[in-house]
1. Restricting the search to region 158-191, which residues are of a type in the set (A, V, I, L, M, F, W, C), open to solvent by less than 40 Å² (accessible area, probe 1.4 Å) and closer than 18 Å to residue 75 by Cβ?
2. Output the residue which, of all residues in region 59-79 that are without any contact (Cβ under 8 Å) to a residue 60 or more places away in the chain and either farther than 18 Å from residue 131 by Cβ or not in a loop (DSSP other than H, G, I, E, B) (or both), is least open to solvent (accessible area, probe 1.4 Å).
3. Can you tell me which residue in region 104-134 is farthest from residue 79 (Cα to Cα), limited to those that are open to solvent by 70 Å² or more (accessible area, probe 1.4 Å) and without any contact (Cβ under 8 Å) to a residue 60 or more places away in the chain?
4. Residues in region 146-155: is at least one among the hydrophobic types (A, V, I, L, M, F, W, C), closer than 30 Å to residue 59 by Cβ and open to solvent by less than 90 Å² (accessible area, probe 1.4 Å)?
5. Which of the numbered conditions does residue 99 fail, given that it passes all the others? Conditions: (1) over 22 Å from residue 182 (Cβ atoms); (2) out of contact with any strand residue (DSSP E or B) (no Cβ under 7 Å at 6 or more places or on another chain); (3) open to solvent by 30 Å² or more (accessible area, probe 1.4 Å).
6. Taking region 34-46 only, how many residues are more than 11 Å from the chain's Cα centre (by Cα) and open to solvent by 80 Å² or more (accessible area, probe 1.4 Å)?
7. Return the pairs, sorted by first residue and then second, in which the second residue is basic (Lys, Arg) and outside any loop (DSSP other than H, G, I, E, B), the first residue lies in region 168-197 and is within 17 Å of residue 155 (Cα to Cα), the beta carbons are less than 8 Å apart, and the residues are 6+ apart or on different chains.
8. Hey, among 137, 150, which residue is modelled with pLDDT under 95 and closer than 19 Å to residue 75 by Cα?
Amino acid sequence: RKYTYLELDYVSTVASIASIAINNAVLYEKMYREARIDSLTDTYNYRFFAEQVEVEFEKNKNDCLALLYVDIDDFRLFNQLYGTLEGDHVLCTVAKIMKQCIGDSGTVYRYSGKIFAALLPHYDGQRTEKLAQAIRSKLQSYNEQPERRSMKPLSISCGICISPYTASSAKELIENADLAVFNAKSHGKDRINQFLG
């Protein structure tokens with residue numbers, strides 16, 4: 001039978017409400033992503049890192065949790081030499097290399113302008129150092145590409161802290177990893193330093 005005017009009006013109202021609900025869900029998803037994702041590198045941002053480090057620390061209280069910092073050496077000079085567009089390209093490259101090396105084993109965050117962090121559940125010191133070496137090795141291969149040979153080579157300084165061995169809280173994990181990367185930078189850069197207490 002034919003629909004009555006009231007039935008068509010009802011269907012139209014339901015469709016409008018459904019449309020608004022779908023639009024709201026899409027908008028919420030977009031805002032949720034923007035609040036947690038760094039738009040340049042497509043890694044998680046510092047805000048999300050600050051939330052997740054507490055969560056991961058609690059989840060891994062009876063196991064190892066590694067925090068790896070990757071700090072791009074002389075990045076300000078690199079930007080001055082080649083411009084911010086090339087600097088942005090480098091940031092994206094380092095983020096991509098880290099994500100390739102880490103895969104599903106952990107999560108990569110853009111911690112600050114030129115520093116990336118990775119939270120690695122179930123990683124001990126030796127395994128984390130091997131991972132950092134793999135990241136450095138891939139970056140070295142990137143430096144050797146023909147179009148990059150005339151440019152300043154890129155290097156990274158890495159700092160590592162492992163809970164529960166050298167951190168009894170999420171705050172200590174952050175502070176000790178920060179100290180480890182600071183020591184790597186102050187002892188010549190382009191090196192990996194693990195906080196040992």
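1. 158, 181, 184
2. 75
3. Applying the filter and picking the extreme gives 126.
4. Scanning region 146-155 turns up no residue that is among the hydrophobic types (A, V, I, L, M, F, W, C), closer than 30 Å to residue 59 by Cβ and open to solvent by less than 90 Å² (accessible area, probe 1.4 Å).
5. Tallying (1) over 22 Å from residue 182 (Cβ atoms); (2) out of contact with any strand residue (DSSP E or B) (no Cβ under 7 Å at 6 or more places or on another chain); (3) open to solvent by 30 Å² or more (accessible area, probe 1.4 Å), residue 99 fails exactly one: (2).
6. Selection size over region 34-46: 2.
7. Between residues of region 168-197 that are within 17 Å of residue 155 (Cα to Cα) and residues that are basic (Lys, Arg) and outside any loop (DSSP other than H, G, I, E, B), the close pairs are 190/136; 192/136.
8. It is 150.
The values are calculated or read from the model by the stated rules, or taken from the named source; none is laboratory data. All values reported here derive from a predicted model rather than from experimental measurement. Glycine gets a Cβ as well: all are built from the backbone with ideal geometry, and neighbour counts include every protein chain shown. For accessibility, only protein heavy atoms count, side chains too; no ligands or nucleic acids. Shrake-Rupley method; radii C 1.70, N 1.55, O 1.52, S 1.80 Å.
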